[in-house]
Amino acid sequence: MSAPALETRGLSMVYGTGDTAVRALDAVDFQASAGEILALMGPSGSGKTTLLMLLGCLLHPTAGAVWVEGQPLAGLSNHELAQLRLRRMGFIFQSYNLFPALTAAENIQVALELKGRDLGEAAELLDRVGLRGRLRNYPRQLSGGEKQRVAIARALAGDPPILLADEPTAALDSVTGRTVVKLLADLAHEQGRAVVVVTHDPRVGELADRVVRIEDGRIGL
Amino acid sequence: MTGGRSHWGAGMAGLLAWRNLAHDRSRFVVTLVGIIFAVVLIAMQMGLFLGFSDSTTTIINHTRADFWIVGKGSQNFEVTLPISERELYLARSVPGVAQAEALLVQFMLWKKPDGGNESIILLGSDLNTGLAGPWHIVEGRLEDLRRPDAVMTDRVYMDKLGVGRVGTQVEINNRRALLVGVTQGIRSFTTSPWVFASYRSAQHLSGFADDKTNYVIGRLRPDADPTQVRDALARILPRTDVYLSADFAARTRDYWMFTTGAGASVLMSAVLGLLVGVVIVAQVLYATTVDHLPEFGTLRAMGAPRAFIYKVILSQAVISATLGGLPGIAVSLMIAKGSEFSAAAILVPPRWTVVLYVITLVMCILASVASIRKAMSIDPAMVFQR
């Protein structure tokens with residue numbers, strides 16, 4: 001049996017120390033498998049984004065452990081964690097985080113070059129998200145939904161098995177948001193990726209294979 | 001669309017750097033203006049230093065002499081001890097010496113036609129040999145100096161000396177002299193302008209004893225070994241110091257530039273210019289980096305290696321150095337050209353433009369260190385907290 005794409009055990013995260021310490025996560029056990037889309041839901045400040053950052057090797061936990069495709073993150077250097085993110089993960093952000101000075105194609109080519117891939121794949125990736133005609137458009141020339149689809153195409157550069165998305169529909173209207181969620185679901189189901197989406201959006205919950213609820217840093221029962 | 005496989009950082013880092021700079025055109029223009037200003041500042045300070053250095057040896061460098069015989073212990077060209085004219089005849093007798101002649105250099109008082117005095121340096125040379133004397137004569141002819149007590153000075157100093165045109169009668173050391181010509185671009189390192197005359201006129205105007213002179217200068221035979229002849233001259237003329245021209249120029253330059261401290265202060269100004277330039281460029285490059293911090297955060301979150309981010313910022317520095325440096329160098333060359341007619345020479349020789357570009361490049365790269373530190377200090381987790 002293959003290891004889960006992502007797994008945590010007893011994962012805790014405390015920000016600050018002493019009287020000002022804030023416990024963001026408390027002994028979280030979590031798994032996400034290849035081929036599933038999983039929605040992390042919960043009220044603001046519940047610890048959803050902290051969990052996503054820990055899964056994305058962007059934070060070091062206070063306690064507990066994270067495994068990525070069976071590999072423990074404990075003991076890895078920052079450089080090794082960065083390499084892991086680069087090779088195995090794609091990130092999708094709430095505010096797209098596209099490079100405003102680069103065209104849609106060039107935004108994707110940055111990721112392709114970082115991953116040592118053919119820059120020509122940018123057209124194919126944009127095609128996959130339905131934006132082939134927007135190759136030369138700058139982010140300012142794209143709608144919110146188009147920007148998010150470019151961001152998804154960029155996250156797909158290098159064909160990572162894990163996609164981590166932070167509120168990908170928060171800035172989108174309902175129709176566009178549904179299109180984006182459908183796209184993410186297809187990436188999980190048709191291409192066998194593990195997709196973890198932090199969201200408040202119930203539409204994501206509807207399309208997700210599983211919904212994990214977090215409240216006060218704990219996974220809800 | 002770009003196709004083909006590319007090693008990371010080879011192209012997209014440069015493209016991102018260029019677009020980051022050019023994306024906000026008004027900021028980019030401000031950046032370039034800042035760099036141009038810094039380059040011009042450095043070039044001017046360097047040019048003043050070079051001009052200052054050059055002016056200390058301008059007469060020596062324009063004299064066709066191979067060797068110089070000076071009073072023992074003389075520190076520089078302008079202030080020297082008299083030597084006996086006998087040394088001239090002894091010098092001529094040394095094997096390897098093709099010709100030798102006396103040269104007179106004296107600080108004098110120039111009485112301006114409308115009153116008042118100015119200090120000058122009178123230089124008297126043998127007009128027949130052409131070893132020394134004025135050059136770049138723009139009014140009058142060298143032959144005009146053969147007239148008794150005829151003199152020439154440089155156009156730059158005509159106002160200072162109170163003479164408006166050739167033919168003006170003046171007084172030097174209470175003796176009448178006639179301005180018969182004007183040179184251009186012969187600046188004095190001291191505040192006293194050069195005034196050229198024939199050797200005999202200079203002797204008469206200065207009242208220098210007939211059997212004394214300041215310098216013996218000369219040419220070597222083509223087959224002579226310069227060092228051997230210099231040593232032979234030194235042996236036969238023990239009351240003098242003997243230098244080859246390059247050595248005497250270096251001795252004079254070192255005296256004025258470093259012994260007096262005058263050069264050190266100009267050099268310090270040049271170094272300060274460089275520091276101010278680094279600060280200006282650092283400021284503008286840093287501001288550009290800060291503007292794009294979220295993008296560097298995104299790159300770090302994606303797992304971009306440090307080298308990629310270094311490459312983006314260093315590419316910004318190289319692009320800025322090139323696009324700001326080259327116009328800055330062009331402006332500096334124009335200012336240097338304009339200074340040809342002023343009393344303070346700013347020299348920017350062509351080979352120094354390469355040096356200036358390298359300095360600009362190094363300055364921009366040094367200035368980008370702060371930007372690199374800032375970009376690398378970003379917590380990549382920030383991209384989830386925006």
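In region B:303-314, the condition of being buried (at least 23 other Cβ atoms within 10 Å of the Cβ), away from every other protein chain (no Cβ under 14 Å) and not polar (S, T, N, Q) is met by at least one residue.
Step by step: first the residues of region B:221-256, then only those that are of a type outside the set (Phe, Trp, Tyr) and in a strand (DSSP E or B), then the one that is farthest from B:Leu267 (Cα to Cα). Which residue is that?
Taking region B:221-256 and keeping what is of a type outside the set (Phe, Trp, Tyr), we get B:221-242, B:244-247, B:249-254.
Next, only the ones that are in a strand (DSSP E or B) stay: B:240-242, B:244.
Values: B:Thr240: 33, B:Asp241: 30, B:Val242: 30, B:Leu244: 27 Å.
For region B:221-256, the residue satisfying everything is B:Thr240.
Among the residues making up region A:72-95, those that are over 13 Å from B:Arg300 (Cβ atoms) and without any contact (Cβ under 8 Å) to a residue 60 or more places away in the chain are A:Pro72, A:Leu73, A:Ala74, A:Gly75, A:Leu76, A:Ser77, A:Glu80, A:Leu84.
Any residue at all in region A:112-121 that's in contact with an Asp or Glu (Cβ under 7 Å, 6 or more places away or on another chain) and modelled with pLDDT of 95 or more? I'd like the intermediate steps shown before the answer.
Here is the first cut: in region A:112-121, the residues in contact with an Asp or Glu (Cβ under 7 Å, 6 or more places away or on another chain) are A:112, A:119.
Going one step further and asking which of them are modelled with pLDDT of 95 or more, we end up with A:112.
Yes, the conditions are met somewhere in region A:112-121.
When region B:259-296 is filtered for residues that are of a type outside the set (S, T, N, Q) and over 30 Å from B:Gly325 (Cβ atoms), only B:Gly261 remains. Of the strands (runs of 3 or more DSSP E) lying entirely inside region B:124-220, those carrying at least 1 residues that are open to solvent by 20 Å² or more (accessible area, probe 1.4 Å) are B:137-139, B:169-172, B:175-183, B:215-220.
Looking only at region B:130-143, decide whether some residue is at pLDDT below 90, closer than 30 Å to B:Leu244 by Cβ and assigned by TED's automatic domain parsing to the domain that holds B:Ala234. I'd like the intermediate steps shown before the answer.
Initially, region B:130-143 is screened for residues at pLDDT below 90, giving B:130.
This time we only want the ones that are closer than 30 Å to B:Leu244 by Cβ, so: B:130.
Checking the rest, the ones that are also assigned by TED's automatic domain parsing to the domain that holds B:Ala234 come to B:130.
Checking region B:130-143: at least one residue is at pLDDT below 90, closer than 30 Å to B:Leu244 by Cβ and assigned by TED's automatic domain parsing to the domain that holds B:Ala234.
Summed over region A:92-150, residues that are closer than 28 Å to A:Leu52 by Cα, open to solvent by 10 Å² or more (accessible area, probe 1.4 Å) and within 8 Å of another protein chain (Cβ to nearest Cβ) total 7. Scanning region B:328-383 for residues that are more than 24 Å from B:Phe52 (Cα to Cα), open to solvent by less than 20 Å² (accessible area, probe 1.4 Å) and either free of Cβ contacts under 8 Å to residues at least 12 places away in the same chain or not in a helix (DSSP H, G or I) (or both) yields a total of 1. No other residue among B:Ala234, B:Ala246 is without any contact (Cβ under 8 Å) to a residue 24 or more places away in the chain, outside the structural domain of B:Ala100 (by TED's automatic domain parsing) and farther than 18 Å from B:Ile137 by Cα apart from B:Ala246. The residue list B:Arg155, B:Arg200, B:Arg176, B:Arg165 contains one member that is closer than 21 Å to B:Ser339 by Cα, modelled with pLDDT under 95 and not hydrophobic (A, V, I, L, M, F, W, C), which is B:Arg155.
Based on what the data block shows, is B:Arg253 over 30 Å from A:Phe93 (Cβ atoms) and surrounded by fewer than 16 Cβ atoms within 10 Å (Cβ to Cβ)? Spelling it out, it is not the case that B:Arg253 is over 30 Å from A:Phe93 (Cβ atoms) and surrounded by fewer than 16 Cβ atoms within 10 Å (Cβ to Cβ). Against the conditions (1) farther than 28 Å from A:Ala208 by Cα; (2) facing chain B (nearest Cβ under 10 Å), A:Leu58 satisfies every one except (1). A Cβ distance below 8 Å, combined with a sequence gap of six or more or placement on separate chains, defines the contacts here; from region B:171-188, residues that are of a type in the set (Asp, Glu) reach residues that are open to solvent by 10 Å² or more (accessible area, probe 1.4 Å) in the pairs B:Glu171/B:Lys111.
When region B:1-17 is examined, which residues are found to be closer than 23 Å to A:Leu125 by Cβ, outside any loop (DSSP other than H, G, I, E, B) and either touching a Ser or Thr at 6+ places or on another chain (Cβ under 8 Å) or at pLDDT 85 or above (or both)? Even if it seems obvious, please write down each step before you answer.
Of the residues in region B:1-17, the ones closer than 23 Å to A:Leu125 by Cβ are B:1-16.
Restricting the remaining residues to those that are outside any loop (DSSP other than H, G, I, E, B) gives B:5, B:12-16.
Those that are closer than 23 Å to A:Leu125 by Cβ, outside any loop (DSSP other than H, G, I, E, B) and either touching a Ser or Thr at 6+ places or on another chain (Cβ under 8 Å) or at pLDDT 85 or above (or both): B:Met12, B:Ala13, B:Gly14, B:Leu15, B:Leu16.
In region B:101-122 there is no residue that is assigned by TED's automatic domain parsing to the domain that holds B:Tyr215, open to solvent by less than 50 Å² (accessible area, probe 1.4 Å), farther than 30 Å from B:Gly162 by Cβ and β-branched (Val, Ile, Thr).
Hey, does region B:88-106 have a residue that's within 20 Å of B:Leu178 (Cβ to Cβ), within 29 Å of the chain's Cα centre (by Cα) and of a type in the set (A, V, I, L, M, F, W, C)? Spell out the reasoning first.
Restricting attention to region B:88-106, the residues satisfying the condition of being within 20 Å of B:Leu178 (Cβ to Cβ) are B:104, B:106.
Then keep just the ones that are within 29 Å of the chain's Cα centre (by Cα); that gives B:104, B:106.
If we keep only those that are of a type in the set (A, V, I, L, M, F, W, C) too, we end up with B:104.
The answer is yes; a qualifying residue exists.
For region A:202-221, the tally of residues that are part of a loop (DSSP other than H, G, I, E, B) and surrounded by fewer than 22 Cβ atoms within 10 Å (Cβ to Cβ) stands at 4. Taken together, the criteria place B:Gly14 among residues that are surrounded by 17 or more Cβ atoms within 10 Å (Cβ to Cβ) and over 33 Å from the mean Cα position of the chain (by Cα). Does B:Thr80 satisfy being without any contact (Cβ under 8 Å) to a residue 40 or more places away in the chain and either assigned to a loop (DSSP other than H, G, I, E, B) or surrounded by fewer than 23 Cβ atoms within 10 Å (Cβ to Cβ) (or both)? Answer is no for this residue.
The values are calculated or read from the model by the stated rules, or taken from the named source; none is laboratory data. Because the structure is a prediction, the values reported are computed rather than measured. Backbone-built Cβ (ideal geometry, glycine too); neighbour counts: all protein chains shown. Side chains included, ligands, DNA and RNA excluded: accessible areas come from the protein's heavy atoms. Shrake-Rupley method; radii C 1.70, N 1.55, O 1.52, S 1.80 Å.
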